[in-house]
1. Tell me, what is the per residue accessible area of the range A:239-390 in Å², probe radius 1.4 Å?
2. Keeping all protein chains in place, calculate the accessible area per residue for the range B:77-121 (probe 1.4 angstrom), answer in Å².
3. Which value, in square angstrom to the nearest 100, describes the accessible area buried between chains A and B on both sides, using a 1.4 angstrom probe?
4. For the range A:9-73, what does the convex hull of the Cα positions come to per residue, in cubic angstrom?
5. Over what distance in Å are the Cα centres of the range A:32-69 and the range A:304-357 separated?
6. Kindly identify residues of the range A:140-169 having a loss of at least 50 Å² in accessible area between the isolated chain and the assembly of all protein chains, probe radius 1.4 Å.
7. Restricting attention to the alpha-carbon atoms of the range A:173-327, what are Rg (one decimal) and Dmax (integer), both in Å?
8. Fully extended, how many nm does the chain gain between A:S329 and A:F19 (0.36 nm per residue separation, minus their Cα-Cα distance)?
Amino acid sequence: MILENFPALVIAVPLLAAFAVNLLGRLSRAWIAPLVLGSLAFSTIASVVLLARVLREGTVRYVMGGWRAPFGIELVVDPLSGLMLVVVAAVALVACVSVVKSVEQELPGKDYLFFTLLLILIAGLLGLVVTGDAFNLYVLLEITSITTYGLIAMGPDRAPLSSFNYIIMGTIGACFYLLGVGYLYILTGSLNMADIALILPGLEGQVAVATAFAFLLVGFWVKMAFFPLHSWLPNAYSHAPNSVAVVVAPLMTKVTVYLMLRIILTVFSVDYAFYQHAAVQSTIVWVSAGAIVCASFLALAQRDLKRMLTYIIVAEVGYMVGGAWLANSAGLTGAVLHIVNDAIMTLCMFLAVLAIAYRIGDTRFENLTGIFRKMPITMAAFTLGAFSMIGVPPTCGFFSKWYLILGGVEADQWGFVIALVVSSLVNAVLFFRIIEIGYFRLEEQDHAAVHGNGVAEAPLMILSPLVLTALALLVVGFGSGLIVKDVIRLALPAGF
Amino acid sequence: MDGLLNEVIAKYNYWIYVVLMMIGFYAMIGKNNLVKKLLGMNIFQTAIILFFVSTGVKRDAGVAIVDKYEVLKHGVDASTVVNPLPHVLMLTAIVVSVSVTGVALALLIRIHRRYGSLEEDEILEKIRQ
């Protein structure tokens with residue numbers, strides 16, 4: 001009985017826990033950690049069980065409240081959304097273990113409010129992954145965005161201003177998505193994704209369908225910070241509290257890329273999205289190539305580790321969008337695999353930022369001298385994450401990049417291939433610069449006097465998730481063959 | 001010219017929504033005052049609400065309140081009632097838009113407390129100092 005209801009419970013348990021945290025956390029702080037970690041652990045286990053069931057029995061469709069589709073809202077767990085459920089829940093759980101500790105330092109006294117918002121955000125992200133209804137998707141998109149605005153604004157100094165700019169951009173994105181849904185509704189009379197997909201084939205010649213498609217895509221591109229619509233992301237993520245960035249940075253953009261794939265694969269057919277407008281398809285790949293190169297070079301200009309990472313996120317969005325629009329099997333596989341890998345890599349990097357900031361206060365380059373001696377384990381994990389970002393085997397970043405490059409070669413998109421290679425080289429420069437500052441540059445005397453000379457790692461609550469994530473980079477790297485064969489192959493449409 | 005005019009008159013609701021949307025868009029991008037940007041965002045959202053609601057309208061159709069037992073017996077002629085679904089969707093969209101506005105206004109209060117101004121150029125100048 002309870003197994004049947006897992007698709008709803010995966011979302012409902014963190015959502016209910018959010019309100020429980022608000023009530024009970026107000027009374028006693030001892031409630032917060034068990035509620036947050038317990039609910040997320042449940043979601044993680046439930047999503048693993050769901051994914052196993054989907055791989056065994058095929059797509060699971062869950063009818064909400066007894067209203068059958070296409071009239072009611074249905075939750076759909078297919079191999080792609082099952083994989084994303086596991087990624088989102090697991091990343092959120094691992095991040096929250098360290099956030100429970102770091103929030104005490106960053107936002108003292110506000111932790112129950114913080115976790116209320118954070119759990120609603122995670123419930124919204126899980127909902128986005130499984131929903132099968134186009135309008136429901138809009139509502140969940142705004143739930144995740146509004147909680148993110150609030151969380152980012154909890155940061156110091158410029159955070160409210162960055163959050164306000166994010167609100168303006170985010171709302172434009174959501175409104176474009178809503179307009180697209182409106183056009184689709186006028187054309188098909190339905191909001192259920194699978195139902196729209198059944199009705200659309202007869203209408204594909206119409207300009208209105210192309211308009212709807214364009215509105216949906218532009219909406220997602222603004223939300224995922226696809227260059228040149230990225231301007232809100234670096235400020236918003238770098239001014240956010242570290243405890244927020246560590247959850248939002250690995251998940252938000254990746255889930256939005258997944259949503260773009262969902263719309264392309266489920267609502268519109270691959271045929272319509274990729275082949276009917278070949279010029280559009282190759283233009284998008286070229287823009288992605290530009291996005292990757294520009295964002296990588298912008299990252300090079302930064303003087304703060306956290307801010308540098310935000311530009312790398314923008315570049316990685318270019319990887320995934322470009323990979324998807326290569327419109328061949330290798331490119332699409334690479335894009336999906338990169339969603340998984342990038343979530344883990346970004347989590348690893350931001351956990352390292354969290355650990356460094358916990359001890360040193362911030363992550364500006366001039367404060368990182370001698371960091372390898374002070375925090376050897378943190379920096380070892382950071383280096384592993386950096387290798388994955390660069391694409392050194394056997395870390396997982398190598399395998400998805402390999403698929404993307406193969407896809408680019410197969411599609412004759414040499415611009416995209418060159419952009420990938422250039423970005424890998426720039427990443428290498430970026431991270432070896434950090435290693436040079438942190439390992440080889442001598443510590444200044446006064447700096448040493450302030451912070452002491454000995455080893456000063458972050459507490460175990462922050463360090464152990466970081467080490468776990470760094471090991472996951474290797475495990476996923478070695479397991480990427482299995483992930484591709486057993487999950488991603490099933491998630492791609494026939495003929496891919 | 002005549003053709004275009006007829007086109008505009010025949011589908012005037014869409015033209016109004018596009019014009020409203022562009023006004024909102026201009027305010028969001030072009031205005032310097034943060035409150036004006038926020039108002040532009042509201043106009044932008046309202047334009048989309050107008051678009052959705054106007055798609056449900058039919059000529060000479062009434063309110064979509066029907067007698068359940070009548071409908072079960074005789075069915076309902078869809079052309080006599082407006083389509084209520086877009087209206088219902090927009091109730092949700094209005095809730096979303098109100099929440100976003102609320103969050104944005106709260107942020108504006110914090111920005112004003114910190115920088116003493118809501119003009120973007122003045123704030124940026126204060127940050128640079």
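1. Normalised by residue count, the accessible surface of the range A:239-390 is 21 Å².
2. Value returned for the range B:77-121: 52 Å² of accessible area per residue.
3. So the total buried area for this chain pair works out to about 2900 Å².
4. It is 72 Å³ per residue.
5. 25 Å
6. A:I146, A:D157, A:R158, A:P160, A:L161, A:F164, A:I167, A:I168
7. 16.7, 54
8. Additional length available on full extension: 107.3 nm.
The values are calculated or read from the model by the stated rules, or taken from the named source; none is laboratory data. Values in this document were obtained by computation on a predicted structure and should not be read as measured data. Backbone-built Cβ (ideal geometry, glycine too); neighbour counts: all protein chains shown. Side chains are part of the model used for accessible areas, which takes the heavy atoms of the whole protein and leaves out ligands, DNA and RNA. Shrake-Rupley method; radii C 1.70, N 1.55, O 1.52, S 1.80 Å.
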